[in-house]
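Before any comments, here is the structure.
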Amino acid sequence: VQLQASGGSLVQPGGSLRLSCAVSGSIFNLNYLGWYRQAPGKQRDLVARISNSGNRNYVDSVKGRFTISRDKGKNTVYLQMNSLKPEDTAVYYCNARRSSGNDLWGQGTLVTVSS
C-alpha cells in the first residue's frame, strides 16, 4: 500500500485548505484512513480518521472546522480544513491502519497558517 498526500500550503488565518491522500496497492484489509499532524517539537497526533463503514472521529480541537471524507471509487481520502488557525500549522500525514493494527504512512504535507 502506498499513500500519496498533497494539498499543503501557506494560508491565512480563517482560510481553508483541502488535503488529499491517494491510496494505491492492496487496500482490502484497511480498517481506517486518517490524517495525523506533527507540529515542530511535538509528537504526531491524530487529527481525524474514517472507518470502512464511514464512521468519523475527530480530535476536539478541529471538530466543527475539519471534515474527513472518502471517495472509494478514487481510493482517496480528503481532509477539508476550514477556519484555519495558526495552531493548525504542522506537517500533516496520511495514515492507513490495517485490520492487524499495523500503521502505514504517506509522506507529509506542510500546512502553514500565518498572516
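The values are calculated or read from the model by the stated rules, or taken from the named source; none is laboratory data. All figures in this text were calculated on a predicted structure; none of them were measured in a lab. Side chains included, ligands, DNA and RNA excluded: accessible areas come from the protein's heavy atoms. Shrake-Rupley method; radii C 1.70, N 1.55, O 1.52, S 1.80 Å.
Observations on the model:
- The stretch 1-66 - percent of accessible surface contributed by carbon and sulfur, probe 1.4 Å: 46 percent
- Prolate/oblate/rounded label for the stretch 21-61 (Cα gyration tensor, a/c 1.5): oblate
- Extension gain for Leu46 to Leu104 (0.36 nm times residue separation, less C-alpha to C-alpha distance): 19.5 nm.
- In percent, rounded to a whole number, the relative contact order of the chain is 37, using alpha-carbon pairs under 8 Å and six or more apart.
- With the convex hull constructed from alpha-carbon coordinates only, the chain shows a mean projected area of 6.7 nm² over all directions.
- Fully extending the segment from Arg56 to Ala39, taken as 0.36 nm per residue of separation minus the present Cα-Cα distance, adds 3.9 nm.
- Taking all protein chains into account, the per residue accessible area for the chain stands at 52 Å² (1.4 Å probe).
- In straight-distance terms, cross-link reach from Lys72 covers every one of the lysines whose alpha-carbon lies under 19 Å from its own, apart from those fewer than eight places away in the same chain; here that gives an empty set.
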